[in-house]
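The values are calculated or read from the model by the stated rules, or taken from the named source; none is laboratory data. Bear in mind that the values here come from a model prediction, so they are computed numbers and not experimental data. Cβ coordinates were reconstructed from backbone atoms using ideal geometry, including for glycine residues, and neighbour counts include every protein chain displayed.
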Amino acid sequence: MVGDGEAQEGEIWEAANTAHKYQIDNLVVILDVNKLQIDGSTDDVMPNGDLAEKFKAFGFEIYYVDGHDMEAICRTMDSIHLSKNGLPKAIIAQTVKGVSYMENDCGWHGNAPNKEQYEQAMAELGGKA
């Protein structure tokens, strides 16, 4: 699991290069693309460009999913499990923080909610507080 902000780091690409060189086709990178990181939007901090194209340039087979659709993620993982083609895999998972007061607010990227905020979040997500 790699965040889009984390994908700005060199060790991600060193690992990607190694996975391709050694044909590690059972490696699956799930890239969480929410366009936020601790210091702001990924476009403001350090634009990533097209991450799918970058992974493809590093020899990865690319899959796209809605990062909120667990059935789609599981189907994609099942499909990947059957693919023995010598290519590492990258799943591009588009996501949005699913709580109203957290959406598009990078301040929530590394902070925990207080008790009231937690209860509101759980109510919005349909869980038990």
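Restricting the stretch 95-112 to residues that are surrounded by fewer than 16 Cβ atoms within 10 Å (Cβ to Cβ) and within 24 Å of VAL29 (Cβ to Cβ), which is modelled with the highest pLDDT?
VAL96
Quick check on the stretch 31-43. Is at least one of its residues over 30 Å from GLY107 (Cα atoms) and not hydrophobic (A, V, I, L, M, F, W, C)? First the steps, then the outcome.
Step one: list which residues in the stretch 31-43 are over 30 Å from GLY107 (Cα atoms), which gives none.
Within the stretch 31-43, none of the residues are over 30 Å from GLY107 (Cα atoms) and not hydrophobic (A, V, I, L, M, F, W, C).
Kindly list, by first and then second residue, each pair from a residue in the stretch 81-98 that is without any contact (Cβ under 8 Å) to a residue 12 or more places away in the chain to a residue that is of a type outside the set (Val, Ile, Thr), limited to pairs with Cβ atoms under 9 Å and residues at least 6 apart or on different chains.
HIS81/ASN26
Look through GLY5, GLY49 and report the one residue that is out of contact with any Ser or Thr (no Cβ under 8 Å at 6 or more places or on another chain), of a type in the set (Gly, Ala, Ser) and either farther than 18 Å from CYS106 by Cα or touching a residue at least 12 places away in the same chain (Cβ under 8 Å) (or both).
One residue alone meets the criteria, GLY49.
Which of the strands (runs of 3 or more DSSP E) contained wholly in the stretch 25-129 include at least 2 residues that are farther than 19 Å from GLU6 by Cα?
61-66
Here are the criteria: (1) at positive phi; (2) more than 17 Å from the chain's Cα centre (by Cα). Tell me which single one LYS35 does not satisfy.
Condition (2) is where LYS35 drops out.
For the stretch 87-121, which positions are within 23 Å of ALA72 (Cα to Cα) and either acidic (Asp, Glu) or more than 21 Å from the chain's Cα centre (by Cα) (or both)?
Restricting attention to the stretch 87-121, the residues satisfying the condition of being within 23 Å of ALA72 (Cα to Cα) are 87-99, 103.
Residue satisfying the conditions is GLU103 alone.
Scanning the stretch 1-28 for residues that are within 23 Å of CYS74 (Cβ to Cβ) and out of contact with any helix residue (DSSP H, G or I) (no Cβ under 7 Å at 6 or more places or on another chain), which turns out surrounded by the fewest Cβ atoms within 10 Å (Cβ to Cβ)?
Only one residue fits best here, namely MET1.
In the stretch 50-65, what residues are surrounded by fewer than 18 Cβ atoms within 10 Å (Cβ to Cβ) and either assigned by TED's automatic domain parsing to the domain that holds GLY107 or over 17 Å from ASN17 (Cβ atoms) (or both)?
The answer is ASP50, TYR64.
Take GLU116 and tell me if it is farther than 29 Å from ASP25 by Cα, surrounded by 12 or more Cβ atoms within 10 Å (Cβ to Cβ) and not assigned by TED's automatic domain parsing to the domain that holds ALA7. Give the steps one after another, and end with the answer.
On the way: farther than 29 Å from ASP25 by Cα: yes; surrounded by 12 or more Cβ atoms within 10 Å (Cβ to Cβ): no; not assigned by TED's automatic domain parsing to the domain that holds ALA7: yes.
No: the conditions fail for GLU116.
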